[in-house]
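Asks: The following block contains the structure, expressed as structure tokens.
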Amino acid sequence: MSHATADPSPWVSRFAGLFAPGGPVLDLACGSGRHARLLARRGQRVLAVDRDPDAVAGLSGVAGVTTRCSDLEDGPWPFPGMRFDGIVVTNYLYRPLLPRLVDALADGGILIYETFMQGNESFGAPSNPDFLLRPNELLEVLLRHLTVVAFEQGEIVLPRPAMVQRLCALRGTKRSMILPESHR
């Protein structure tokens, strides 16, 4: 069963307004580019990366989106020295990249992460434990390096039933942590 959808994740949509206006945002493992398109419409400069050349080709010509085809799991980190005001990761987990994501965030940058967790195997794919977060795993790993704005975990029903973890976090303390009502 595919977990792809054309609609942006409600979690990403909810927190996308926290990105610095016009700043560079990395859409990691972008797939069809649903979040790259959303962020570009919001005025961000998006770098969308995926290992699937057909996926990134589908973003060709989208204003505000630059694409890169790269296998994030085999080879060096493709963004050495680059810093982003925001990073979005959905439906993807490769634990060795988590420290790289923290390092790639500019001070005041926002990480929005949403992926599957243990228990998802009862709903279908992914069911391999390598691709399922343990309870509280994102929180425990990233809390040491980032200021957590919001965290959720558990069962969702839309866009399809699944078990997920969701995190929105800030690097540093330069930005006000007072969120508009729409982000609470």
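The values are calculated or read from the model by the stated rules, or taken from the named source; none is laboratory data. Since the model is a prediction, treat every value here as computed from it, not as a measurement. Cβ coordinates were reconstructed from backbone atoms using ideal geometry, including for glycine residues, and neighbour counts include every protein chain displayed.
Asks: Check Val102 against each of (1) crowded, with 18+ Cβ neighbours inside 10 Å; (2) touching a strand residue (DSSP E or B) at 6+ places or on another chain (Cβ under 7 Å); (3) under 24 Å from Asp50 (Cα atoms) and name the one condition it does not meet.
Replies: (2)
Asks: Which of the following residues is out of contact with any Lys or Arg (no Cβ under 6 Å at 6 or more places or on another chain), modelled with pLDDT of 95 or more and either more than 24 Å from Gln44 (Cβ to Cβ) or among the aromatic types (Phe, Trp, Tyr) (or both): Leu98, Leu133?
Replies: Result: Leu133 is the single residue among Leu98, Leu133 that is out of contact with any Lys or Arg (no Cβ under 6 Å at 6 or more places or on another chain), modelled with pLDDT of 95 or more and either more than 24 Å from Gln44 (Cβ to Cβ) or among the aromatic types (Phe, Trp, Tyr) (or both).
Asks: For Thr115, indicate whether it is under 23 Å from Ala20 (Cα atoms) and of a type in the set (S, T, N, Q).
Replies: Considered against the rule, which asks whether it is under 23 Å from Ala20 (Cα atoms) and of a type in the set (S, T, N, Q), Thr115 comes out as no.
Asks: Of the conditions (1) on the phi > 0 side of the Ramachandran plot; (2) in contact (Cβ under 8 Å) with a residue 40 or more places away in the chain, Asn136 clears all except one; give me its number.
Replies: It fails just one condition, (2).
Asks: While we're here: Within region 1-80, considering only strands (runs of 3 or more DSSP E) that don't extend past its boundaries, which have at least 2 residues that are charged (D, E, K, R) and closer than 24 Å to Ala106 by Cα?
Replies: Passing ranges, in order: 45-50.
Asks: Additional query: Kindly provide the set of residues from region 32-48 that are surrounded by 22 or more Cβ atoms within 10 Å (Cβ to Cβ) and within 22 Å of Ala169 (Cβ to Cβ), ordered by number.
Replies: His35, Ala36, Leu39, Gln44, Val46, Ala48, listed by residue number.
Asks: So which residues in region 142-166 are within 28 Å of Ala20 (Cβ to Cβ) and either surrounded by fewer than 17 Cβ atoms within 10 Å (Cβ to Cβ) or of a type in the set (D, E, K, R) (or both)?
Replies: Residues satisfying the conditions are Leu143, Arg144, His145, Thr147, Val148, Ala150, Phe151, Glu152, Arg166.
Asks: Looking at (1) touching a strand residue (DSSP E or B) at 6+ places or on another chain (Cβ under 9 Å); (2) not in a strand (DSSP E or B), find the lone condition where Val89 falls short.
Replies: The one condition Val89 does not meet is (2).
Asks: Return yes when Asp107 is charged (D, E, K, R), more than 11 Å from the chain's Cα centre (by Cα) and part of a strand (DSSP E or B) and no when it is not.
Replies: yes
Asks: Here's something else I'd like to know. Restricting attention to region 98-108, which residues are touching a residue at least 60 places away in the same chain (Cβ under 8 Å) and over 16 Å from Leu143 (Cβ atoms)?
Replies: Of everything in region 98-108, those that are touching a residue at least 60 places away in the same chain (Cβ under 8 Å) and over 16 Å from Leu143 (Cβ atoms) turn out to be Ala104, Ala106, Asp107, Gly108.
Asks: Ser13: crowded, with 18+ Cβ neighbours inside 10 Å, within 20 Å of Ala150 (Cα to Cα) and among the hydroxyl-bearing types (Ser, Thr, Tyr), yes or no?
Replies: Spelling it out, it is not the case that Ser13 is crowded, with 18+ Cβ neighbours inside 10 Å, within 20 Å of Ala150 (Cα to Cα) and among the hydroxyl-bearing types (Ser, Thr, Tyr).
Asks: Scan region 103-152 for residues that are in contact with a helix residue (DSSP H, G or I) (Cβ under 8 Å, 6 or more places away or on another chain) and over 19 Å from Met163 (Cα atoms) and report the count.
Replies: Residues that pass the stated criteria total 7.
Asks: Still on this structure, I have one more. Listed residues Leu146, Leu179; which is at pLDDT below 95, touching a strand residue (DSSP E or B) at 6+ places or on another chain (Cβ under 8 Å), at negative phi and not β-branched (Val, Ile, Thr)?
Replies: Leu179
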